[in-house]
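Undergrad: Before anything else, here's the structure in question.
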Amino acid sequence: MSGRALLAVLVALPTLAAVSAAPANAADTPGAAVVSDELVEREIELARLGYRNGVQVTFTRDAESGDWGLREDGQVDRNGPLVDDDKPGMLAAYLSITPASVPVPRELLAEPAPGTPTPPELAGRAIAPSPVVVDDLAVPASGGTARKAAITSCWDLAWDPYHWLELPGYPVPASVHHPMRTYYSADFGGRAMYSHSYLANCSGGTAARHRIYYRKVNGDYVKHHDFFVPSWHWQKVTKGSVHRFRAVLYDGAWGDTRNGKYTG
């Protein structure tokens, strides 16, 4: 079985009793990882950055596909995403939100396409093996200053222009229910280099599940992102590296914001 049929079956599978439970504090942790019956491609963590405004930023690379990952997690009505959308890649994004004193993960140097000019911001930066873990970072002041200073509400967007947008109810976010839905890159032009997905959970109680897939050459969909986003938290994710068919899946939920696009 392959393609959309396989993905539909995966979503419908019940959770196996033998699978370990999620951490006890998962519901209170921004971007708490899901432990479920669906296999998730292993991510290699390249950097984990904590900022004074409460935003957590994680850079990863998938062990099998080689896709890069950039995840930002934060809290609704407290903070917003730090990475500007105009950054042309993971290395550029990393350099834009870290001071010169923070080392650059060695693996990220391989991310830009061959022939890409070396970013001038890389000059003088220390290079270190992964993972690079730094906390208590100041919110970067350069680029997108107004957006970084703004408080993210339930009705803010991560991407505009976008391929999809579903907003919560107003003025009560949880007054609107969004059914389970999958957005396929095939419906927006075909293969894409990157999946970009944003989920804000304004349900007032229930965690919202956030899943991202890519399709292998044999037609099978492989999941490489699966997280429960706690109530009153948001998560912004970019996954990709090369042209593939991709998919983003949201479970049915009350009061969530779903926003995203495919690029490349």
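Undergrad: If the reach is capped at under 14 angstrom between alpha carbons, list the aspartates and glutamates near Lys216, excluding any in the same chain fewer than eight residues apart.
TA: Glu41, Asp62, Glu64, Asp67
Undergrad: Can I ask one more? For the full complex of protein chains and a 1.4 angstrom probe, list Val172, Val217, Val76, Val134 by accessible area with the highest value first.
TA: Listed by decreasing accessible area, they come as Val217, Val172, Val134, Val76.
Undergrad: Can you spot the lysines whose alpha carbon is less than 21 Å from Lys87's alpha carbon? Ignore those fewer than 8 places along the same chain.
TA: Lys148, Lys236, Lys239, Lys261
Undergrad: Here's a follow-up. Which value, in debye to the nearest 20, gives the size of the charge dipole of region 43-261 about its Cα centre, when Lys and Arg are +1 and Asp and Glu are -1 at the Cβ?
TA: 260
Undergrad: Taking K and R as +1 and D and E as -1, what net charge do the other residues with C-beta under 12 Å from the C-beta of Met180 add up to?
TA: Once positives and negatives cancel, what remains is +1.
Undergrad: Need one number: convex hull volume per residue for region 43-261, Cα atoms only, in Å³.
TA: Hull volume normalised by residue count: 121 Å³.
Undergrad: Could you look at region 180-223 and say what percent of its accessible area is carbon and sulfur, using a 1.4 Å probe and all protein chains?
TA: Carbon and sulfur atoms account for 45 percent of the accessible area of region 180-223.
Undergrad: Could you give each residue of region 93-108 its phi-based ³J(HN,Hα) in whole Hz, using Karplus coefficients 6.51, -1.76, 1.60 with θ = phi - 60°, and x for Gly or Pro?
TA: Ordered by residue, 3J(HN,Hα) equals 5, 4, 5, 6, 10, 10, x, 4, 6, 8, x, 9, x, 4, 4, 5 Hz.
Undergrad: Accessible area per residue, 1.4 Å probe, Å², for region 43-261: what's the number?
TA: On a per-residue basis, region 43-261 sits at 42 Å².
Undergrad: A further question follows. Determine ³J(HN,Hα), in whole Hz, for all residues of region 74-80 in sequence, where each value follows from phi through the Karplus function 6.51 cos²θ - 1.76 cosθ + 1.60 and θ = phi - 60°; x replaces Gly and Pro.
TA: x, 10, 4, 6, 10, 7, x
The values are calculated or read from the model by the stated rules, or taken from the named source; none is laboratory data. For clarity, every value in this text was computed on a predicted model and none was experimentally measured. Using ideal geometry, Cβ is built from the backbone for each residue, glycine included, and neighbour counts are taken over all protein chains shown. These area figures cover heavy atoms from the full protein model, side chains too; ligands, DNA and RNA do not enter into them. Shrake-Rupley method; radii C 1.70, N 1.55, O 1.52, S 1.80 Å.
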